[in-house]
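The values are calculated or read from the model by the stated rules, or taken from the named source; none is laboratory data. Being a predicted model, the structure only gives us computed values, none of them experimental. Neighbour counts are summed over all protein chains in view; Cβ atoms, including those assigned to glycine, are modelled from backbone coordinates with ideal geometry. We work out accessible area using only protein heavy atoms, side chains counted, and drop any ligands, DNA or RNA first. Shrake-Rupley method; radii C 1.70, N 1.55, O 1.52, S 1.80 Å.
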Amino acid sequence: MLAVRDEITNLVVLLITAKPAWEKRVREILNSVPDTRCEITACSNIAQARDVFFSLSIDLAFFDLDLSGARDFFSCDEGRDFFDHTAVILMATQENETYARQLMQLGAQDYFLKDELDARLLHRVLYNAVERHRMLLELRTARHRERYLTAHDALTGLPNRETFNERLKEGLEFANRYWRRIAVLVIGIHRFRKINDSFGPGFGDRVLQMVAMRLIPTVSAQDTVARLSGDEFGCILTSVQHPQDAARAAQKIIHELSKPIHLDGREVFLNPKIGIAFAPSDGREAEVLLRNGLAAMHSARMIGRSHYQFYMGSMNESAMALLDLEISLAGALERGNELMIHYQPKINVKTGSVQGVEALLRWNHPKLGIVRPTNFIPIAEDNGLIVPIGEWTLRTACLQRKQWEREGYTDFRVAVNVSPRQFREARFAQRVKEILEETDLPGELLELEITESSIVEDVEGVFSTLRLLRSMGIHIAVDDFGTGYSALSLLKHFPVDVLKIDQTFVRDMTTDASDASIIRAIVAMADGLQLAVIAEGVETAAQRDALLELDCPMMQGYFFARPVPAVEIKF
Ligand code: C2E
Ligand code: MG
Ligand code: MG
């Protein structure tokens with residue numbers, strides 16, 4: 001009792017009786033309750049009580065059953081509402097005690113007989129009633145919460161997929177009836193896996209929560225934002241008239257989600273991709289519309305260069321092909337004629353000579369045409385196919401290098417990209433060794449390009465793999481340098497040979513002074529650590545000149561040559 005009493009400090013009490021003497025009596029006792037201040041409002045008839053009850057937030061109501069109209073009141077819904085909202089204590093006489101018990105079954109908290117009333121009884125009844133009512137409320141809140149949880153996503157608090165589908169169905173019914181249009185936006189975070197991989201799933205979860213927080217204000221109150229699955233979110237836009245309306249919404253979302261996310265002292269950039277489907281033109285049913293939105297999103301992910309993509313009739317076919325990518329990718333390896341390698345020269349601009357070539361994987365998909373490696377390598381990483389694909393690439397590039405050697409081109413390395421998952425394989429170094437032996441290529445003619453994220457994890461393991469590779473004469477290049485999250489201090493200890501300055505810095509270096517400064521810093525650092533440095537993605541003469549000025553003569557990019565089949569390479 002004490003514990004309960006501790007919690008009751010202020011009570012708003014409604015006292016409903018037509019008898020002034022009773023009112024006085026109950027008031028006195030209520031005012032003497034220890035540790036509790038009762039704010040009492042008295043009403044002498046039901047109409048008054050009703051007004052007060054529904055305009056004030058009442059904790060406890062004392063109801064005199066002798067009041068005229070009491071039975072009528074409790075036989076209608078309004079009376080029952082009383083019980084739902086508030087702890088009601090009935091004041092009865094022996095004549096209506098049975099009725100009081102019946103009302104308890106309907107939800108009244110307690111009753112007492114007026115003749116028996118004394119302060120202790122009233123105090124006890126009051127505490128019990130408030131406490132029981134609170135428990136009921138908690139129970140109701142718990143049920144409410146349970147209902148909430150089944151409709152919402154536990155991580156982000158957004159409506160979940162089921163709720164999304166329900167709302168979409170409702171929206172479609174409405175739209176069909178009133179000739180309105182509805183747009184479904186499916187939002188995916190491209191390469192979200194990379195974030196999970198680099199920083200752990202806990203970090204990834206928090207990024208998703210931030211994504212949800214940023215999404216909510218991008219749509220209006222009558223629209224829905226939901227989490228559909230892992231890194232996929234959905235929006236239902238109910239007041240769109242033209243495709244431009246949906247495009248604007250998509251742009252707004254992209255704008256919000258592309259702003260850097262700062263978490264745990266890290267800065268993360270997201271790459272959102274959005275698919276848009278319209279009702280009724282792209283489907284009149286919820287499932288169809290969602291499927292088409294997804295297809296458009298996949299298309300934006302895989303092929304499109306833009307961040308959002310409208311659904312097109314032909315898309316499902318290709319989207320299905322993409323969703324079946326695992327199967328087709330495995331098939332591509334077996335069929336052997338869909339995967340191929342293009343080579344891009346690395347030039348020493350001072351001498352004009354080709355100092356190396358980079359092997360870049362291409363997949364000539366039977367339906368989709370050329371699929372870029374950035375689009376299928378993450379999938380191959382997910383399902384493990386990257387290992388056989390990577391070995392195929394390495395073997396093919398080594399054989400090609402061997403062929404060039406036979407043709408008399410002796411003095412350059414062929415560079416092969418290695419994905420993090422491939423690099424983490426325990427037998428990676430061993431497999432490289434076997435492939436070199438198989439193809440009879442000296443390690444001195446091979447360079448492996450690894451990304452920064454490959455070296456930040458499992459430092460010990462990476463260290464010994466790199467040492468093994470270098471003992472075979474292989475060069476190690478750190479690809480996309482500057483975009484990852486590597487601790488610069490690691491570089492000092494890691495056995496690497498080359499830093500490849502990422503093309504994002506090169507792209508803006510002639511207009512953005514900070515990018516030029518970053519390049520200058522990387523060149524200086526490489527010099528200090530006695531590493532070679534090469535700039536990627538050089539597209540213009542201005543960039544070339546600026547790089548020369550910064551003392552970075554090794555370059556690679558469309559300005560000199562695009563990646564081409566081996567036979568087209570000119571040394
Ligand atoms: P990367 O290793 O950084 O390769 C450079 C990418 O930039 C290539 O794209 C290349 O075609 C492109 N590029 C070259 N010069 C320019 C330029 O001047 N301007 C622009 N805008 N782009 C230029 P690609 O071939 O689409 O490859 C993308 C990424 O896919 C590669 O980035 C690499 O990380 C990965 N990749 C490619 N082949 C393989 C492979 O065999 N194995 C693995 N694991 N990853 C690969
Ligand atoms: Mg590369
Ligand atoms: Mg690169």
So for the chain, averaging the separation of alpha carbon pairs under 8 Å that are six or more residues apart and normalising by length, what relative contact order in percent results? 8 percent
Cα shape, region 332-568, gyration tensor, a/c 1.5 rule: rounded
A 1.4 Å probe over the protein heavy atoms gives the chain a carbon and sulfur accessible-area percentage of 51 percent
Cα-based Debye curve of region 490-557 sampled at q = 0.13, 0.17, 0.19, 0.20 Å⁻¹ gives log₁₀ I(q)/I(0) of -0.32, -0.53, -0.65, -0.72
Return the inverse of the average 1/r over all pairs of distinct C-alpha atoms in region 161-310, which is the Kirkwood hydrodynamic radius, in Å to one decimal. 15.5 Å
Binning at 5 angstrom from zero up to the longest distance, how are the C-alpha pair distances of region 58-101 distributed in percent? 5, 21, 32, 28, 11, 2
Mean separation of Cα pairs under 8 Å and 6+ residues apart, divided by the residue count of region 362-490: what relative contact order is that in percent? 22 percent
Taking the dipole about the Cα centre of region 332-568, with the C-beta of Lys and Arg at +1 and of Asp and Glu at -1, give me whichever of A561, I386, I435 is farthest to the positive side. I435
What is the dipole size for region 354-502, taken about its Cα centre, with +1 at each Lys and Arg Cβ and -1 at each Asp and Glu Cβ, in debye to the nearest 20? 240 debye
Name the residue farthest towards the positive end of the dipole of the chain from the options I182, L139, P260, assuming +1 on Cβ of Lys and Arg, -1 on Cβ of Asp and Glu, about the Cα centre. I182
Roughly how large, in nm² to one decimal, is the mean projection of the convex hull of the alpha-carbon atoms in region 159-230? 5.3 nm²
Per residue, how much accessible surface does the chain expose to a 1.4 Å probe? Answer in Å², no decimals. 48 Å²
Using only the C-alpha atoms of region 5-151, find the volume of their convex hull and express it per residue in Å³. 113 Å³
Over all alpha-carbon pairs of region 113-171, lay out the pair-distance distribution in 10 Å bins, whole %, shortest bin first. 20, 26, 19, 14, 12, 10, 0
Expressed to two decimals, region 365-452 has a Cα Rg over Rh, using the Kirkwood radius, of 1.00
Would you kindly compute the Cα radius of gyration of region 75-214 and its largest Cα-Cα separation (Dmax), both in Å? 25.8, 76
Where does the longest stretch of the chain lie that holds no GluC sites (Glu not before Pro) found in a DSSP loop with 12 or fewer other Cβ atoms within 10 Å? 96-406
If you build the Cα gyration tensor of the chain and take the root of 5 times each eigenvalue, what three semi-axes come out, in whole angstrom, biggest first? 73, 27, 21
In percent, what relative contact order does region 332-568 have, based on Cα pairs under 8 Å that are 6 or more apart in sequence? 19 percent
